[in-house]
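To start, the structure itself, in structure tokens.
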Amino acid sequence: MHINMIKTDCRYFRGDIPCAPHKNHSVHCSDCKYYDKTDEIILIIKLGAIGDVIRTTPLLRKLKSVKSAAKIYWLTYTPEILPKGWVDKILSVSIENIELLKCIEFDWLINLDKDPLAVSLAKKITAEKKSGFIADKHGLAEPISNEAERHKWLTGLFDDFNKENTKHYLQEVFEICGFDFNDEQYIIDVKESATKFDLDKSRKVVGLNTGCGGRWISRLWPEEYWVELSKMLLNKGYEVALLGGQQEDEKNKRISRESGAKYFGHFPLNDFILLMDKCDVIVTAVTMAMHIAIGLQKQLILFNNIFNKNEFYLYNRGAILEPDFECGCYFSPTCENNCMQYLKPEKVFAAIEKNAH
């Protein structure tokens, strides 16, 4: 076969090893019915935490609908959470991958992070069009070109501007990319495993995610409230499962002993997602579990006290609950007033009853 007949613009072309159609069907470029021509290359930079990456996946649905022939790259710290069928090249952050990206001529670079690595890469990587944030002459984040980028930039700089914001995250991200948000859903893979969970699915299963990570402990709900809520739910006939990571392990064991709620332990990410998928309703603070619950299209009871609630979009599945008064710990890692004590279990139980359908 002549070298000019090799179709390097095919979605399956690898460059250094045989492509999947050749391995599976012994075809060559000259006679391949699986040829999938790509006409542009898009790079998404969304490095962030797992939850941040999950909540950006609706953008893939939009890109696939308007740019179906594009090849999509995504650079992230958490490649394991990205849906493989939607991204052509999922790249973890490494020197090798960064050097690779620097030599590719992208048609469109979308950087949605404002941290130093993301904005510096957005400046150095070649792309005909760039959206989001880039490094200024001091190496600090600045918006690239449009009003949506400036809006998102300002909400991160000033608490008062953030408080006035009425746009949710997905609306902001879509506008940065020049799109309208039309309820595009999250994308999350649920993979079966050998781990089994003894849950009575004849009853509504409520998952209680009792942690919130180590950084923003101002979001913690009192442990005794989790015990009280668990008892209320069990008395009403719900199945209750406690959720959390290693950091919540001892706490969840105590809550389980005192309330009778089920606790299966802490698990790797895939099994944690699998357990959450067994639940009908999820109760959680603003944390990774919130984004997983939205991705799994669960009814969500979301605790919020330190963020602008307009940032969160639940797709009309659930409710956002806050303390009965505005606390002074806005965007603060700790809360001297312990304002979450003013969100009572009775209020949470009523929200679960209303949304457990």
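A few remarks follow.
- Tensor-based shape of segment 52-182 (alpha-carbon gyration tensor, a/c under 1.5 rounded, otherwise prolate or oblate): oblate
- Inter-probe distance in nm under a simple model that places probes 7 Å from Cα toward Cβ, at K67 and Q246: 3.9 nm
- Gyration tensor verdict on segment 205-355 (Cα atoms; rounded if a/c is under 1.5, prolate if a/b is larger than b/c, oblate otherwise): rounded
- Spin-label pair D189/N97, simplified geometry with 7 Å Cα→Cβ offset, distance in nm: 1.4 nm
- Difference of contour (0.36 nm per residue) and Cα-Cα distance, D136 to K278: 46.5 nm
- Derived scalar couplings ³J(HN,Hα) [segment 110-116; Karplus, 6.51 cos²θ - 1.76 cosθ + 1.60; whole Hz; x for Gly, Pro]: 10, 10, 9, 10, 10, 7, x
- Karplus-derived HN-Hα couplings along segment 234-240 (A = 6.51, B = -1.76, C = 1.60, θ = phi - 60°), whole Hz, x at Gly and Pro: 5, 5, 8, x, 7, 8, 10
- Here each label is just a point 7 Å from Cα along the line to Cβ, and for K196 and I3 those points are 5.8 nm apart.
- Residue-averaged 222 nm ellipticity for the chain, from DSSP H runs of 4+ at -39500 (n - 2.57), nearest 500: -9000 deg cm²/dmol
- Computed E for D159/S26 - FRET, C-beta separation, R0 51 angstrom, nearest 0.05: 0.25
- When both bridge partners sit in the chain, DSSP labels roughly 10% of those beta bridges antiparallel.
- Put simply, the amide H of L43, placed in the peptide plane, has neighbours under 5 Å in Y73, W108, L109, I110, leaving out anything fewer than 5 places away on its chain.
- Crossing angle, helix 345-355 versus the chain [Cα axis fit, 0-90 degrees, rounded to tens]: 50 degrees
- Seen from a random direction on average, the alpha-carbon convex hull of segment 18-92 projects onto 5.7 square nanometres.
- Principal-axis tilt of helix 249-259 within the chain, Cα atoms, nearest 10 degrees: 40 degrees
- Span per principal axis, largest first, for the Cα atoms of the chain (Å): 74, 49, 35
- As a proxy for reagent exposure, Y35, Y186 were ordered by neighbouring Cβ count within 10 angstrom, fewest first; the result is Y35, Y186.
- Using a cutoff of 8 angstrom between alpha carbon atoms and counting only pairs six or more residues apart, the relative contact order for segment 205-355 works out to 27 percent.
- Footprinting exposure proxy ranking of V283, V348, fewest other C-beta atoms within 10 angstrom first, gives V348, V283.
- Close amide H contacts of V240 (hydrogens built in the peptide plane, cut-off under 5 Å, sequence separation of 5 or more or a different chain): V206, K262.
Bear in mind these aren't lab numbers, they're just calculated from the coordinates by the rules spelled out. This one's a predicted model, so the numbers in the text were calculated from it and none came from an experiment. Glycine gets a Cβ as well: all are built from the backbone with ideal geometry, and neighbour counts include every protein chain shown.
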